[in-house]
């Protein structure tokens, strides 16, 4: 079975998340986005786990569905842990995503973690726990759990982050490194950037949304051809080139253009300064405006650890497709904000008529895109699909700025088109 999966999201119990991150909204938006298997996120939070147990029931082995109505969405038990601790003379801040095959395993994991920190305070708990020790706890509970370093290049909270990370998986996990089968590339890097590190050749690269609101689900995702089950999914993640299940494949990942991510370039948000790695080097990684250390971004960090040239393609690499979320494409096409009424109208028209967002972005024909939106929007979708975009790279927590059209291509007859479509 072919399906898309997004394993890393957060519930309404995590900080800085939408109150709409409840199961009903997650189910609704997973269908709109085209995500079949969705991580629950936050299974360590007692109130969220209670909701999961009350509203979900087992479906296919290791997956869950709603109890009281027919829904196509399947949930897989996941959570993110923030490990903050000292190692090698430095303060380390590493985020880890945990996959669990059963509620029983989750309850045992939570029982052990409650001895270390407060699981009630945040859906993504902060624990003074070495990442290696977290792996030990989780895998001692159930060897079928997965331990996946999250958004691995993010400066502040990641295994390779410039502010508090390590230079290798082995340095972080010691003898437990052999149980790390996958890493999450994060919004500010793509597989091609990670392919430049030979140390990652045996590591599967997965991509997830890290959604804090329902509309962000599936902005990065994984597309599999495999049995719909926990074992089917985790087997392909562990063994993408030789899965045990016959015919199973890790087809591709859906990615942000990494420039759009919030930490692609170096810089200082407060100084309104964005720098490429080459520019940062000229300033010795010191901000020329405030004389404080720059926040070193993902591209710079990849350059420091890479032992291969840009463009290197490893054997048996899982392909990827770079996309921009449909609402952002529509907003850029109309020269309006994502929150505008026009964007919502065209987004609804397209998804109600042509299928899920992933299907629209990857497969919808130009004629159908024009039929249910505008020629500008159709052209923008095709350009994104073909990689014909310009993005001003993000830095120090600021998202990159998308430019699909040049200034002289900007639409100037929006009202005329809106009236023709009878959408307003």
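The values are calculated or read from the model by the stated rules, or taken from the named source; none is laboratory data. This structure is a prediction, so every number in the text was calculated from the model and none was measured. With ideal geometry, Cβ positions are generated from the backbone for all residues, glycine too; neighbour counts draw on all protein chains shown.
Pick out the one residue from 361, 354, 350, 326 that is free of Cβ contacts under 8 Å to residues at least 60 places away in the same chain and touching a strand residue (DSSP E or B) at 6+ places or on another chain (Cβ under 6 Å). Just one listed residue meets the conditions, 361. Here the condition is being more than 26 Å from residue 325 (Cβ to Cβ) and surrounded by 22 or more Cβ atoms within 10 Å (Cβ to Cβ); of 98, 91, 84, 116, it holds for 98 alone. For the range 107-166, filtering for residues that are without any contact (Cβ under 8 Å) to a residue 12 or more places away in the chain and either under 30 Å from residue 193 (Cα atoms) or within 24 Å of the chain's Cα centre (by Cα) (or both) leaves 2.
What do you reckon, is residue 250 closer than 30 Å to residue 347 by Cβ, crowded, with 18+ Cβ neighbours inside 10 Å and in contact with a helix residue (DSSP H, G or I) (Cβ under 8 Å, 6 or more places away or on another chain)?
Taking the combined requirement at face value, the residue satisfies it.
Do we find that residue 233 is closer than 24 Å to residue 313 by Cα, surrounded by 22 or more Cβ atoms within 10 Å (Cβ to Cβ) and touching a strand residue (DSSP E or B) at 6+ places or on another chain (Cβ under 9 Å) in this structure? Judged against the criteria, residue 233 is not a match.
Being buried (at least 21 other Cβ atoms within 10 Å of the Cβ) and either at pLDDT 95 or above or outside any helix (DSSP H, G or I) (or both) is true of residue 373. Considering the range 391-416, the residues that are modelled with pLDDT of 50 or more and in a helix (DSSP H, G or I) include one that is surrounded by the most Cβ atoms within 10 Å (Cβ to Cβ), namely 409. For the range 200-226, filtered to residues that are more than 22 Å from residue 33 (Cβ to Cβ) and touching a residue at least 60 places away in the same chain (Cβ under 8 Å), the residue that is nearest to the chain's Cα centre (by Cα) is 204. Among the residues of the range 49-62, is there at least one that is assigned by TED's automatic domain parsing to the domain that holds residue 144, modelled with pLDDT of 95 or more and within 20 Å of residue 182 (Cα to Cα)? Yes, there is a match, as at least one residue in the range 49-62 is assigned by TED's automatic domain parsing to the domain that holds residue 144, modelled with pLDDT of 95 or more and within 20 Å of residue 182 (Cα to Cα). Among the residues here, residue 43 does not qualify as surrounded by fewer than 18 Cβ atoms within 10 Å (Cβ to Cβ), assigned by TED's automatic domain parsing to the domain that holds residue 113 and in a loop (DSSP other than H, G, I, E, B).
Collect the residues in the range 201-223 that are more than 30 Å from residue 312 (Cβ to Cβ) and in a loop (DSSP other than H, G, I, E, B), keeping them in residue-number order.
Hits for the range 201-223 are 212, 213, 217.
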